[in-house]
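Trainee: This is the structure I have questions about; it appears just below.
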Amino acid sequence: MWLLVARHGDPGSDRDGAALRFLLVTVVGSSLVLLGILALATALGTTDLQVWAAQGGATLGRGSQLAIAATLLVGLALKVPVFPLHTWLPWVHATAPTAGSVLLAAVLLKLGTYGMVRLVVPVVPEGFAAWSPLLGGLAVAGIVWASLICLVERDLKRLIAWSSVAHLGFVVLGIASGTQAGLQAALFGNVAHGLVSALLFVVVGGLKHRWGSADLTLRHAALREVTPHLGLALMVGMAASSGLPGLAVFWGEIGGLLAAWSPAPDRPEGWFRAFAVVGAVGGALAVAYTVRVLREVWFGDRVEPRIPDAVRTERTALRLLGVLVLLLGLLPTVLLSVTAPFVEGVLAR
């Protein structure tokens, strides 16, 4: 990623600064995660993840669980990223080439949520339960904050990056709820966001290359008039990003909200219900910024300045991603049936 951003990023931006910030953030996060892993290995006498999960923190005191869970969660929150540790993401996304943005959004950010599910939820459950109200509160704060920024952001690529912060907030909220439904929704949201963000970054990267910038305030030809392939892909991606039923993101977000409304018994129900309400407001804001983007870029009868439509490689990628977004939206059990036994195993421990 450092190589992609620093050597192949947008030449009109501070590529070295963005690459250095990404490197520092990910190294700090990894160092904290390593510290938490070493603490667990020292306390439990093994580095076998299955043994850690099977013990479920039974041999660790409450103080140790709180400290280890906090260390792991801060390190992983940097990678997700969770509000207010998110400020590095829009800058890196805006600077990175299309391949770097797709890799970062669709794969690397998921390492943070994967680490929470694998290293924190089953291994130090008491510590995670204690910190989960704070984690859920930060998640919904990120949802609303990022959505509000999307309403005024001028750079289309940065806007998609900010929307990623909001979508991952729903994932973290589902994990924090401590329920099977929440964990299922989080894993589904992980995959759905990976597909939708990859789709949008391919579209936006192509548009930025053709326009010369991603500034929404500049006058552009309406995509529905001059580039039907890119226009359709943008429409599908933004509709999915807004949580439209029938598309992939809907199931992860509605599942996260429902899980927050009925959290695990050891979570404060009042707080999590408040988080669900605030998260729903963030979902409504997503519809608002989706309409804003489509009005500025897709809608209208402008035909100048003309730009070429998607080339064959772009069309192939966009069709594949679009079909997967639609498939998971219409048949969510295709993915839920795969993750269900593992979720049950994690929570049963």
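Trainee: Name the residues in the range 72-91 that are part of a helix (DSSP H, G or I) and either charged (D, E, K, R) or surrounded by fewer than 21 Cβ atoms within 10 Å (Cβ to Cβ) (or both), would you?
Mentor: 74, 79, 88, 91
Trainee: Pull out all pairs, ordered by first then second residue, where Cβ-Cβ is under 6 Å, the residues are six or more apart or on different chains, the first lies in the range 101-113 and is closer than 17 Å to residue 9 by Cα and without any contact (Cβ under 8 Å) to a residue 40 or more places away in the chain, and the second is crowded, with 21+ Cβ neighbours inside 10 Å and among the acidic types (Asp, Glu).
Mentor: none
Trainee: Would you mind finding the one in 340, 310, 284 that is in contact with a His (Cβ under 7 Å, 6 or more places away or on another chain) and small (Gly, Ala, Ser)?
Mentor: One residue alone meets the criteria, 310.
Trainee: Which ones in the range 1-58 are in a helix (DSSP H, G or I), polar (S, T, N, Q) and either in contact with an Asp or Glu (Cβ under 6 Å, 6 or more places away or on another chain) or closer than 26 Å to residue 83 by Cβ (or both)?
Mentor: Matches in the range 1-58: 26, 30, 31.
Trainee: Taking only the range 189-234 into account, find how many residues are more than 22 Å from residue 281 (Cα to Cα) and part of a helix (DSSP H, G or I).
Mentor: 28
Trainee: Next question. What are the pairs with Cβ atoms under 7 angstrom where one residue, in the range 165-185, is touching a residue at least 60 places away in the same chain (Cβ under 8 Å) and closer than 13 Å to residue 346 by Cα and the other, located anywhere, is of a type in the set (Lys, Arg) and surrounded by fewer than 24 Cβ atoms within 10 Å (Cβ to Cβ)? Sequence gap at least six, or different chains.
Mentor: Listed by first residue and then by second, the contacts come to 178/267.
Trainee: Considering only residues that are surrounded by fewer than 24 Cβ atoms within 10 Å (Cβ to Cβ) and at pLDDT 85 or above, look in the range 99-111 and name the one that is nearest to residue 69 (Cα to Cα).
Mentor: Among those that are surrounded by fewer than 24 Cβ atoms within 10 Å (Cβ to Cβ) and at pLDDT 85 or above, it is 111.
Trainee: Moving on to the next point. With respect to residue 166, determine if the residue is surrounded by fewer than 23 Cβ atoms within 10 Å (Cβ to Cβ), within 15 Å of the chain's Cα centre (by Cα), on the phi < 0 side of the Ramachandran plot and assigned to a helix (DSSP H, G or I).
Mentor: For residue 166, the condition - surrounded by fewer than 23 Cβ atoms within 10 Å (Cβ to Cβ), within 15 Å of the chain's Cα centre (by Cα), on the phi < 0 side of the Ramachandran plot and assigned to a helix (DSSP H, G or I) - is not met.
Trainee: Could I ask something else about it? Sort through 67, 39 and tell me the only one that's over 23 Å from residue 108 (Cα atoms), touching a residue at least 60 places away in the same chain (Cβ under 8 Å) and surrounded by fewer than 21 Cβ atoms within 10 Å (Cβ to Cβ).
Mentor: Only one candidate qualifies: 67.
Trainee: Sticking with this one: Looking only at the range 41-64, how many residues end up being modelled with pLDDT of 90 or more and either within 17 Å of residue 118 (Cα to Cα) or within 27 Å of the chain's Cα centre (by Cα) (or both)?
Mentor: Of the residues in the range 41-64, 1 are modelled with pLDDT of 90 or more and either within 17 Å of residue 118 (Cα to Cα) or within 27 Å of the chain's Cα centre (by Cα) (or both).
Trainee: Let me ask something additional. Can you go through 306, 219, 267 and tell me which one is among the charged types (D, E, K, R), surrounded by 14 or more Cβ atoms within 10 Å (Cβ to Cβ) and over 26 Å from residue 326 (Cα atoms)?
Mentor: The match here is 267.
The values are calculated or read from the model by the stated rules, or taken from the named source; none is laboratory data. Values in this document were obtained by computation on a predicted structure and should not be read as measured data. Here Cβ is always computed from backbone atoms with ideal geometry, including for glycine, and neighbour counts include all displayed protein chains.
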